[in-house]
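What follows is a single structure, written as structure tokens, with notes after it.
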Amino acid sequence: MDNYQVVFPAQNQVELQSCPEVAPAAGEILLKTVISQISIGTELTYLQGNVEPGMLWENFLNYPKCPGYSNVSRVVAVGEGVSSDLIGKLVFSSLTHRMYSVVKEGDFEKYRYIPEGVTPKEAVFSTIGRIAMASIRMAQ
């Protein structure tokens, strides 16, 4: 099974790179990305790296960078000791822009199941929506 990820190898450079094939070991879950959203705020800033000196952003501008934090995935396999009832479930996560990812079952608890009736194209906006709502609340 081929596996690829989006990488910013340097400022203003984007590549689709091959990465190691993955399979779930005991206690792990294999996720396949259904849709992943690239933000025009955070990720564009990472890509362009054009921040003013002294800004907090300088601490995060290191390359290569594997961007991504708005991902909808489907559970496609589980390792030994993990319930097979998870297979087929859609979840939202902060995974990077990668075709396949393996997560530990304990870490999987922080992922959010996508309810029936919500499409992956709708669910992928979860983080952007949370950011907007937090901004409104903070601004009162």
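In table form, for the structure just shown:
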| quantity | calculated |
| --- | --- |
| Exceeding the 21 Å Cα-Cα cut-off - candidates K89/K121; K32/K104; K65/K110 | K65/K110 |
| Crossing angle, helix 126-139 versus the chain [Cα axis fit, 0-90 degrees, rounded to tens] | 50 |
| Answer label for mean projected area of the Cα convex hull in nm² (calculated), chosen among (i) 10.2; (ii) 8.9; (iii) 11.8 | (i) |
| Extended-chain gain in nm, criterion 0.36 nm per residue less alpha-carbon gap, Y113 and L56 | 17.2 nm |
| Relative packing of 57-65, 94-102, 128-136, which averages over residues the other C-beta atoms within 10 Å, highest first | 94-102, 57-65, 128-136 |
| Carbon + sulfur, % of accessible area of the chain - ligands and nucleic acids excluded, 1.4 Å | 55 |
| 1.4 Å probe accessible area per residue over the chain, in Å² | 61 |
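The values are calculated or read from the model by the stated rules, or taken from the named source; none is laboratory data. Bear in mind the structure is a predicted one, so any value in this text is a computation, not a measurement. All Cβ positions, even for glycine, are placed from backbone atoms using ideal geometry, and neighbour counts span all protein chains on display. Ligands, DNA and RNA are stripped out before the accessible areas are found, and what is left, the full protein with its side chains, is counted by its heavy atoms. Shrake-Rupley method; radii C 1.70, N 1.55, O 1.52, S 1.80 Å.
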